[in-house]
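Comments concern the structure below.
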């Protein structure tokens, strides 16, 4: 039951339309697809899509360290997730993106080897329905209203609105969107660190009347030690995202009373091992959680849905990114129902494979 070898592929996926946040414009996403293979030929898939403006990583930085990381765990039991985690971290600090691809692949392989779905391997059970939101890109007010209406017309009941370039303009955007979509649609907002402290407090207080469910990362993560000031002054719940990478960050957020909620992203945390530690901390302190991601494929967002079935406190699902891509390279994975319920596959492991024709056109690195 040991790791024998790895295969690693890179690919670029074009988006249907530019995705805009306060951090910049994204027109395509770069991906690493990683396959771990056991001594008896079983395999598991992992993935990362490094976000240079959040993780400080690119495809090039991931590839530069990937072989040292994979070599470090050859011969290790793929069930020993704690050992894998320690060995990867002993090679290099940080580099969470490529570590997350390795970690996820090992969990896929382990749960397949046990002949159970990932959620069951993680100790979860299917006892709730989960639904995704859909994201409105940051843009001119009229374009954001137009996109919001289009999203609602497509059947979504929850929208997440990207903000953060100007607090006063952001209030006007939310006002216009709420007036156009009515009172029954849930609105979540994400400033992606775009406001300063006073601007955040003013904007959040002025948006409260438009019934906002919560706000993700209102201020720069370098100021996370002051995020509690925003939380205390805001009538809208605050969700930590870019300021929450490790379980130590989670402890710091709770110790300082800095936020109301956590946003989990596999690519931030270096994989499921660290994500599960954060979940346990959240459960101990009754902190509701969301699962989200960068612009990964269905691999990671299927993992998110498995993870969502492991804790009652994982209440929110930001799993729309695979819908942004022009091409879906994944066979299997989550099924998006007509009402945007997310249903995981009835199979062992994560329940995904790479399309073979797509894989032939990828660059194979190892």
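Quick look at the numbers
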item: Gain in span if fully extended, residue 246 to residue 1, counting 0.36 nm per residue against the direct Cα distance; result: 85.3 nm
item: Exposure proxy order (Cβ contacts within 10 Å, fewest to most) of 63, 118; result: 63, 118
item: The stretch 120-354: C-alpha gyration tensor shape, a/c 1.5 cut-off, then a/b vs b/c; result: oblate
item: Stretchable slack from residue 323 to residue 25, in nm (0.36 nm times residue separation minus alpha-carbon distance); result: 105.6 nm
item: Relative compactness, the stretch 88-228, computed as alpha-carbon Rg over 2.2 N^0.38 Å; result: 1.36
item: Cα gyration tensor category, rounded, prolate or oblate, for the stretch 46-153 with a/c compared to 1.5; result: oblate
item: Calculated FRET efficiency for the pair residue 60/residue 312, C-beta based, R₀ 51 Å, to 0.05; result: 0.80
item: Cβ-Cβ FRET estimate between residue 202 and residue 12, R0 fixed at 25 Å, reported to 0.05; result: 0.05
item: Two-site label geometry, residue 82 and residue 168: point separation in nm, points 7 Å out along Cα→Cβ; result: 5.6
item: Most mobile of 180, 259, 62 in a GNM of the chain (Cα contacts under 10 Å); result: 180
item: Likely footprinting exposure, 45, 340, fewest C-beta neighbours within 10 Å first; result: 340, 45
item: Spin-label pair residue 39/residue 355, simplified geometry with 7 Å Cα→Cβ offset, distance in nm; result: 3.7
item: Computed FRET value (nearest 0.05) for residue 179 with residue 257, which takes r as the C-beta separation and R₀ as 41 Å; result: 0.75
item: Residue order, fewest to most beta carbons within 10 Å, for 129, 160, 86; result: 129, 86, 160
item: Cα-based helix-to-principal-axis angle, 96-113 vs the chain, degrees rounded to 10; result: 60
item: Candidates 211, 285, 220, ranked by Gaussian network fluctuation over the chain, Cα under 10 Å, top entry; result: 285
item: Separation of the residue 53 and residue 211 label points, Cα + 7 Å toward Cβ, nm; result: 3.1
item: Beta bridges per DSSP with both ends in the chain, % antiparallel, nearest 5; result: 55
item: Between 0 and 90°, nearest 10: helix 59-72 axis offset from the chain longest Cα axis; result: 40
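Every number in this text was worked out from the coordinates using simple rules, so none of it is lab data. The shown structure was predicted, so the numbers you read here are calculated from the model rather than taken from an experiment. Neighbour counts run over all protein chains shown; Cβ positions are idealised from the backbone, glycine included.
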